[in-house]
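As structure tokens, the structure follows; a few thoughts come after it.
The values are calculated or read from the model by the stated rules, or taken from the named source; none is laboratory data. On a predicted model such as this, the values are computed, not experimentally measured, just so you know. Ideal geometry is used to build each Cβ from the backbone, glycine not excepted, and the neighbour counts take in all protein chains shown. Each accessible area value is taken on the protein alone, full model and side chains, heavy atoms only, with ligands, DNA and RNA left out. Shrake-Rupley method; radii C 1.70, N 1.55, O 1.52, S 1.80 Å.
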Amino acid sequence: MLSTFAAAATFVGHAPAAEAATAPATPSAVFKERHTKVLELVKKRADPETLAKEVDQLLDYKALAEASLGGPARYANKCAARCAEFEALLTKLIRENYLKRIRTDKKYELTIVGEDAKVGGDIRVITNVALTRDGKPEVVEVVYVMHAVGDTWKVEDIVTDGVSLAKNYKFEFNKIIRDKGIDELILRLENKLVELAKKD
């Protein structure tokens, strides 16, 4: 779904050991630091530009855009002359959904459970989110798949209770492109952003 996205709103976890301060930050530490900064900015009602800049430090939109169209090898062929426009729209959609989840889910409690290495060097930061839904307590597993980008780590996929954001986008986007082309996909992304703006 275009609107599918999961993020958490508070942290319960262990602080990194002091002696590790000079060592390269682990994916969990990077995730916790970046996400916590976003939470603080949301609570302070920071301006949109400041918020966007901080969220952009955590999420790898380029990787998500490429994965949503079948991977880097197929990306350029799928979006052709409109790749930059597609990526810009998807970036806005992912960012807005991320911030919307933080703003609206008030009773989240996120615990970092641990890390799990994937083939190829990616790291899965495994979290549990405790929340109340329809008056009932619930625990949701949210896994942030992170990969190295330069000298830091960024999120390239989010898996909520086993459901991958990138794979959801891939299934939906490729069906739209196959049936109606990239122009239709871009139009739908634009419309979705208009809908989100109206709800703010």
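Rounded to the nearest percent, how much of the accessible area of region 80-200 (1.4 Å probe, protein heavy atoms only) is carbon and sulfur?
Here it works out to 51 percent.
What residue among Gln57, Asn168, Ile186 has its Cα farthest toward the positive end of the dipole of the chain, where the charges are +1 on Lys, Arg and -1 on Asp, Glu, each on the Cβ?
Ile186
Please tell me the relative contact order of the chain in percent, rounded to the nearest whole number, where contacts are Cα pairs under 8 Å and at least six residues apart.
27
Using the structure shown, select from Lys43/Lys154; Lys53/Lys100; Lys53/Lys154; Lys32/Lys53; Lys154/Lys175; Lys136/Lys192 the pairs with a Cα to Cα distance greater than 21 angstrom.
Lys43/Lys154; Lys154/Lys175; Lys136/Lys192
What is the spin-label model distance, in nm, from Glu184 to Ala73 if the labels are put 7 Å beyond Cα along the C-beta direction?
2.7
Label-point separation (nm) for Glu49 and Arg103, each offset 7 Å from Cα along Cα-to-Cβ?
Calculated label separation equals 1.8 nm.
Principal axis lengths of region 105-188 from Cα atoms, whole Å, largest first?
Projected onto the principal axes, the Cα atoms of region 105-188 cover 41, 40, 19 Å.
Label Thr132 and Thr26 with points 7 Å out from Cα along Cα→Cβ: what is the distance between them in nm?
3.2
Out of the DSSP beta bridges found with both residues in the chain, what percent are antiparallel (nearest 5)? Show your work: numbers first, answer last.
On the way: 29 of 32 bridges.
Looking only at bridges with both residues in the chain, the antiparallel portion is about 90 percent.
Going by the alpha-carbon gyration tensor, a ≥ b ≥ c the square roots of its eigenvalues, is region 21-118 rounded (a/c under 1.5) or, if a/c is not under 1.5, prolate (a/b greater than b/c) versus oblate?
Oblate, since a/c reaches 1.5 and b/c is not below a/b.
Within region 59-148, which trypsin sites (Lys or Arg not before Pro) sit in a loop by DSSP and count at most 14 neighbouring Cβ atoms inside 10 Å? If you can, show how the numbers build up before the last one.
On the way: sites: Lys62, Arg74, Lys78, Arg82, Lys92, Arg95, Lys100, Arg101, Arg103, Lys106, Lys107, Lys118, Arg124, Arg133; in loops: Lys106, Lys107, Lys118.
Filter output for region 59-148: Lys106, Lys107, Lys118.
For the chain, compute the orientation-averaged projected area of the C-alpha convex hull (one quarter of its surface), in nm².
12.3
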